[in-house]
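The values are calculated or read from the model by the stated rules, or taken from the named source; none is laboratory data. The shown structure was predicted, so the numbers you read here are calculated from the model rather than taken from an experiment. Glycine gets a Cβ as well: all are built from the backbone with ideal geometry, and neighbour counts include every protein chain shown. We work out accessible area using only protein heavy atoms, side chains counted, and drop any ligands, DNA or RNA first. Shrake-Rupley method; radii C 1.70, N 1.55, O 1.52, S 1.80 Å.
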Amino acid sequence: MSTNKKLLIVGIIGSVLCFVGDMLLGCYTPTSGFGNSVIFPPFSDEWANSSPFRFIFGGLFGVIALLLMICGFYGIYRLMLAKKCKYSKLFIICAFVFVSVGTLYHCVFAMTAYIYNKLSSLQVLEAKQIAEQLFFTFIGVSALAAVAFVGLSVYMFIASITGKFDNKKWLSIFNPLLIMLLLIILSKFLPANKVVNGVFAWGQQSIALFITFMMFLIYSIRYSHNELSDNKKEGQAL
């Protein structure tokens, strides 16, 4: 098995593990309104009655998953280098920024959810407000992850749609940003419950990356097979 395939498989495992972490942290009944920002909704009231280990494992899974997913990004980057894609370093830089800041996001989120849970168990009246304030103070840097994710997605789309990957333009359809947008639109037509909230509000990015890594793995397997057949034909001709 080639190095690229191994890297993409590791990335797929990471996206699955990230999805599990997302479900542990976000599979709750959605809360209406907003917390300390119009960007982030308030922490769910259900978190106060959950097991604190749910947040611990959710945070750990997210961090480990992102470290594994960088392998998937690196596998795609190696394919870009092989296809002589211009400015491919921009892609891997965006990937590293996304993973680095995303790791911080998971740590801070899991930590503040855990604090909210513990303060609630001590019957601190403003437990939710304290946790949200802590979260909002540190999470402003998450905007870098969003920018990096958009950057790597746009680069992948351009490289795919311009035929850099053996003119397999169908790869552009399985772009992580496009998949996320489709999941967001789909969520508007589904009933509001904890499963839909977990999958579509929290797990949409891990689902999108799982699909992207899987499609590039399929492409990599198919390309390697074609390349091997071409080499055999050349050898027979000689």
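Annotations for the structure displayed:
- Test: residue in region 103-110 that is within 29 Å of residue 75 (Cβ to Cβ) and free of Cβ contacts under 8 Å to residues at least 24 places away in the same chain: no
- Residue within region 45-61 that is under 30 Å from residue 156 (Cα atoms), open to solvent by 10 Å² or more (accessible area, probe 1.4 Å) and modelled with pLDDT of 90 or more present: yes
Every residue, every condition in (1) in a helix (DSSP H, G or I); (2) within 18 Å of residue 49 (Cβ to Cβ), yes or no:
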| position | (1), (2) |
| --- | --- |
| 125 | no, yes |
| 132 | yes, yes |
| 160 | yes, no |
| 198 | yes, yes |
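- For region 162-181, a residue qualifies if it is assigned to a helix (DSSP H, G or I), of a type outside the set (A, V, I, L, M) and surrounded by 21 or more Cβ atoms within 10 Å (Cβ to Cβ), and exactly one does: 176.
- Residue selected from region 70-97 under the condition hydroxyl-bearing (Ser, Thr, Tyr) and either open to solvent by less than 40 Å² (accessible area, probe 1.4 Å) or modelled with pLDDT under 95 (or both), by the criterion nearest to residue 18 (Cα to Cα): 77
- Complete set of residues in region 163-200 that are under 12 Å from the mean Cα position of the chain (by Cα) and under 21 Å from residue 106 (Cα atoms): 176, 177, 180
- Residue check for residue 147: under 17 Å from the mean Cα position of the chain (by Cα) and either without any contact (Cβ under 8 Å) to a residue 12 or more places away in the chain or open to solvent by 90 Å² or more (accessible area, probe 1.4 Å) (or both): yes
- Filter result for residue 119 (open to solvent by 60 Å² or more (accessible area, probe 1.4 Å), at pLDDT below 90 and out of contact with any Ser or Thr (no Cβ under 9 Å at 6 or more places or on another chain)): no
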